[in-house]
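Encoded as structure tokens, the structure appears first; notes follow it.
What follows is calculated from the coordinates using simple rules that are stated; it is not laboratory data. All figures in this text were calculated on a predicted structure; none of them were measured in a lab. All Cβ positions, even for glycine, are placed from backbone atoms using ideal geometry, and neighbour counts span all protein chains on display.
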Amino acid sequence: MLRSETREQSDFRQEVRRWLNENLPDHLRFLTFRPLPKDGMPWYRRLAERGWIAPHWPKKFGGMTATPVEQVIMFEEFARAGAPDIPTQGLNHLGPLLMKLGTAEQKARHLPPIVSGEVIWCQGYSEPNAGSDLASLKTRADLDGDYLVINGQKIWTTWGHHADWMFALVRTGGGANKREGITFVMIDMTSPGITRKPIRTIAFDEEFAEIFFDNVRVPLTNVVGKIGDGWSVATAVLDQERLLLGSPATALRALERLRRFLRLSRSRPDERQIDLVARAEMEVDALTACFLCLAEEEAGGSTADASYLKVFATETTQFVLDVLQDVVGPLAAVRAAPYVGNERLDINEMFLQSRRLTIYGGSSEIQRTIIANRTLGLPK
Ligand SMILES: Cc1cc2nc3c(=O)[nH]c(=O)nc-3n(C[C@H](O)[C@H](O)[C@H](O)COP(=O)(O)OP(=O)(O)OC[C@H]3O[C@@H](n4cnc5c(N)ncnc54)[C@H](O)[C@@H]3O)c2cc1C
């Protein structure tokens, strides 16, 4: 929790806490997985009605223009209440990108349904041979009159099997530089020729999917930016995206689990474990402070190197969950033992799910290379 708050900030915290107490349904509290659309989207829409679905968006597009401190207050109170994860591809990726580069028609058509929760978006970037090396992507889009005709495959598409729309990178041309000839396009997922196959993760949830395109026709009005200019379109809001991936929200959720376990469990941690718990608390505090610094810089207009924050946030979450494993002991390895007392904590599932954090949105290795090259100026 922030150590010193103004009167206004502390009133806002109380308001968020009270509202969550009154409005967050019990069956959605302290889930380890993102609830399926039938359960999760009503909650998304409830937040939207309250005006709290897009704190970082400008008010004119339905957001809150929330300050970084207000955002952190929300992360902390949502973690404390055990609020579930919601789909963020529209809120954190496409929305900010359209605000910056979309046409007036694209903004008017696509931004309101993201905020209201009528439409679920997915991100179609990765392919079987194009993950970290994204520019190697091969999904082809050929020009045919006023349409692009798309053939190929995407993989690891979060909520690809639930989404109404996908924003994707497709290849419309070649060139010596692999980053040339890529186009950013929005695809209606009900278009004929799309096949979706869910993929099961090590945590046994079906969070993502493979998506196959067989002569899928997409109007040229769905292209964002110019044909062949997709790389610069996709990276236009990359720092902002990494900043959001580096928010303390997930680490705070993990810390709340650790605190709850310690409150509920009859066993007492030993001295070494108490040190670990204290370090977990301090790491999350440091992460929150770091997020505030970078977010304030971002709000002021300069571009911070958010790669550092992404590594810090995801590895801190993993550390907190490692500490949880340590204090729980051997039972943490048992999948069929999700309860502590009468409360469901799913410690094993949380641990398994946290492995993915350092892979998506650019793996830790890739982020460290960026830090080495751009921040430290080390030779390539
Ligand atoms: C939970 C989850 C959700 C995801 N959601 C989406 C989504 O919605 N949309 C989407 O498009 N993609 C999504 N992804 C895919 C994600 O972006 C890729 O998994 C990621 O970019 C890594 O690519 P890859 O899996 O092909 O692994 P690879 O790129 O093959 O990497 C394998 C390993 O090699 C390392 N490595 C690779 N290149 C280098 C290098 N140059 N230097 C040092 N180390 C290197 C990597 O760090 C990694 O450890 C998701 C992934 C996960 C785990």
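Observations on the structure shown:
- DSSP-assigned coil residues among GluC sites (Glu not before Pro) in region 71-120, each with at most 15 further Cβ atoms within 10 Å: Glu118
- Each principal axis of the Cα atoms in region 192-306 has its own extent, and those three values, largest first, are 62, 41, 17 angstrom.
- Here is the tail figure for the chain: Cα pairs spaced more than 41 Å apart come to 13 percent of all pairs.
- For a straight C-alpha distance cut-off of 20 angstrom, the aspartates and glutamates reachable from Lys197 (same-chain residues fewer than eight places away being disregarded) are Glu127, Asp164, Asp188, Asp205, Glu206, Glu207, Glu210, Asp214.
- With the highest mean first, a sort of the peptides 12-23, 235-246 on other beta-carbon atoms found within 10 angstrom per residue produces 235-246, 12-23.
- Between Arg7 and Arg355, the distance separating the two model label sites (each 7 Å from Cα on the Cα→Cβ line) works out to 5.2 nm.
- Segment Arg50-Glu15, length gained on full extension (0.36 nm per residue, minus Cα span): 11.4 nm
- Neighbour-count ranking [beta-carbon atoms within 10 angstrom, fewest first] of Phe319, Phe312: Phe319, Phe312
- Springs between Cα atoms under 10 Å define the GNM used for the chain, and in it the highest mean-square fluctuation of Val170, Val216, Val284 occurs at Val216.
- Assigned charges on the beta-carbon of Lys, Arg, Asp, Glu; the chain dipole about Cα centre (debye): 280 debye
- Mean Cα-pair separation over length for the chain, i.e. relative contact order, pairs under 8 Å, 6 or more apart, %: 13 percent
- Helix-only arithmetic for the chain: the sum of -39500 (n - 2.57) across DSSP H runs with n ≥ 4, divided by the residue total, places the mean residue ellipticity at 222 nm at -13500 deg cm²/dmol.
- Filter on Lys59/Lys107; Lys178/Lys226; Lys60/Lys107; Lys38/Lys100 - keep pairs with C-alpha separation over 21 Å: Lys38/Lys100
- Helix axis angle, 7-23 relative to the chain longest principal axis, alpha carbon, degrees: 90 degrees
- Relative packing of 276-283, 248-255, which averages over residues the other C-beta atoms within 10 Å, highest first: 248-255, 276-283
- Ranked list, fewest to most other Cβ atoms within 10 Å of each Cβ, for Ile366, Ile359, Ile120: Ile359, Ile366, Ile120
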